[in-house]
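Visitor: Have a look at this one.
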Amino acid sequence: MKTPGAFYKPLAIGAPDPFRERPVSLERMIHFVPPHIDKMRAKVPDLIANVDVVLGNLEDAIPADAKTDARRGFIEMARENDFGSTGLWTRVNCLNSPWFLDDLLEIVPAVGSKLDVVMLPKVEGDWDIHYLDQLLAQLEARAGLARPIMIHAILETAEGVKNVEQIAAASPRMHGMSLGPADLAASRGMKTTRVGGGHPDYAVLEDASGAEGRRAFQQDLWHYTIAKMVDACLAYGLKPFYGPFGDFSDPEACESQFRNAFLMGCLGAWSLHPKQIDIAKKVFSPDPDEVAFARKILEAMPDGTGAVMIDGKMQDDATWKQAKVIVDLARLVSSKDKELAAVYGL
Ligand code: GLV
Ligand code: MG
């Protein structure tokens, strides 16, 4: 363990100081773009206005013979667009792949000043974060960058889940984590063939006592992992995210998976298809009725202490804090989304 002073020192001479307070930004959806496809890159200017984060994907789903084109395509799309308050991220290839090193060596010098976050797949432990942390510091120093690039880990191996707290604590460069249900299912030996979502056979059967036609109640396969990730992230001031939902033909199930994650503390999810952008916007922007009720709580308890009754429900310091989470998020959403700002009355 590093001493607290050393924890916040730049890891290379000339690298920018690590953030002590992480930047506040709205990240309801991390929208994946395959940057080797010209038609997809051409859509980036429209996407910037419509999503919170644009991510150039270099890892899984990019064929091996397109890896170099994807990296070049990402550099081109980063150079050619002004992202404004929309985040620019890339998902690089994993550490043991033949492409990771060049992903970093080419992207940081070329467009590092525009890059907010590097998403690192298949993180197994804090050693993976330490390596990328050091490499980024060296590259930032060489490129003369003024602002550190953050790291977002994908939680998608059994070992990563086991080490989730150490990963969260590894560096002030940590931005957050996403659940990667597809790789995690494979790593754990789960008997599924899906990218996220539930499974009809993962259910609890109603008691046999006398009931005719016993009902089965489907359970959430990801509950345990999301809970573990949320606790690790929030304990270290990081942001937790649900990752991909692969069944584009089932928007209801996607919405339900996103909503469970939102209610449990996640701040966003990946959008792999344009249809999922609006689902994420709907789910990860707080519900207007909840915002109105939360504002009532804050107004009724101006200093956040004591107890009051509102609409028959007891409120105290703890519900005041919950209300503040919701109203703070609504304010953040309102800073980008003027339509919702009007609905919230903020
Ligand atoms: C995402 O990368 C996943 O494996 O689910
Ligand atoms: Mg994966």
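Visitor: For region 1-22, which residues satisfy the criterion of being without any contact (Cβ under 8 Å) to a residue 24 or more places away in the chain and exposed (fewer than 13 other Cβ atoms within 10 Å of the Cβ)?
Guide: Result: Met1, Lys2, Thr3, Pro4, Gly5, Ala6, Glu21.
Visitor: Let me ask something else about it. I need the full set of residues from region 234-282 which are assigned to a helix (DSSP H, G or I), within 28 Å of Gln166 (Cα to Cα) and open to solvent by less than 50 Å² (accessible area, probe 1.4 Å), in order please.
Guide: Gln257, Phe258, Ala261, Phe262
Visitor: Here's a follow-up. Looking at region 58-93, which of its residues are assigned to a loop (DSSP other than H, G, I, E, B) and more than 14 Å from ligand 1 (Cβ to nearest atom)?
Guide: Pro63, Asn81, Asp82, Phe83, Gly84, Ser85, Thr86
Visitor: With the requirement that a residue be free of Cβ contacts under 8 Å to residues at least 40 places away in the same chain and within 16 Å of Gly268 (Cβ to Cβ), what does region 306-346 give you?
Guide: If the condition is that a residue be free of Cβ contacts under 8 Å to residues at least 40 places away in the same chain and within 16 Å of Gly268 (Cβ to Cβ), then Val325, Asp328 are the ones that fit.
Visitor: When you check Asp231 against the structure, is it assigned to a loop (DSSP other than H, G, I, E, B), modelled with pLDDT of 95 or more and in the same structural domain as Gln166 (by TED's automatic domain parsing), yes or no?
Guide: no
Visitor: Looking at Val195, Val204, can you tell me which residue is among the hydrophobic types (A, V, I, L, M, F, W, C), open to solvent by 10 Å² or more (accessible area, probe 1.4 Å) and out of contact with any helix residue (DSSP H, G or I) (no Cβ under 7 Å at 6 or more places or on another chain)?
Guide: Being among the hydrophobic types (A, V, I, L, M, F, W, C), open to solvent by 10 Å² or more (accessible area, probe 1.4 Å) and out of contact with any helix residue (DSSP H, G or I) (no Cβ under 7 Å at 6 or more places or on another chain) holds for just one of Val195, Val204, which is Val204.
Visitor: Sort out which residues of region 157-198 are of a type in the set (Asp, Glu), within 16 Å of ligand 2 (Cβ to nearest atom) and under 19 Å from His223 (Cβ atoms), and write them in order of number.
Guide: Listed by number, the list holds a single entry, Asp183.
Visitor: Among the listed residues Glu206, Glu252, which satisfies the condition of being at pLDDT below 95 and more than 14 Å from Phe284 (Cβ to Cβ)?
Guide: Answer to the selection: Glu206.
The values are calculated or read from the model by the stated rules, or taken from the named source; none is laboratory data. Note that the structure is a prediction, hence the values are computed from the model and not measured. Note that we place each Cβ from the backbone using ideal geometry, even for glycine, and neighbour counts take in every protein chain shown. Each accessible area value is taken on the protein alone, full model and side chains, heavy atoms only, with ligands, DNA and RNA left out. Shrake-Rupley method; radii C 1.70, N 1.55, O 1.52, S 1.80 Å.
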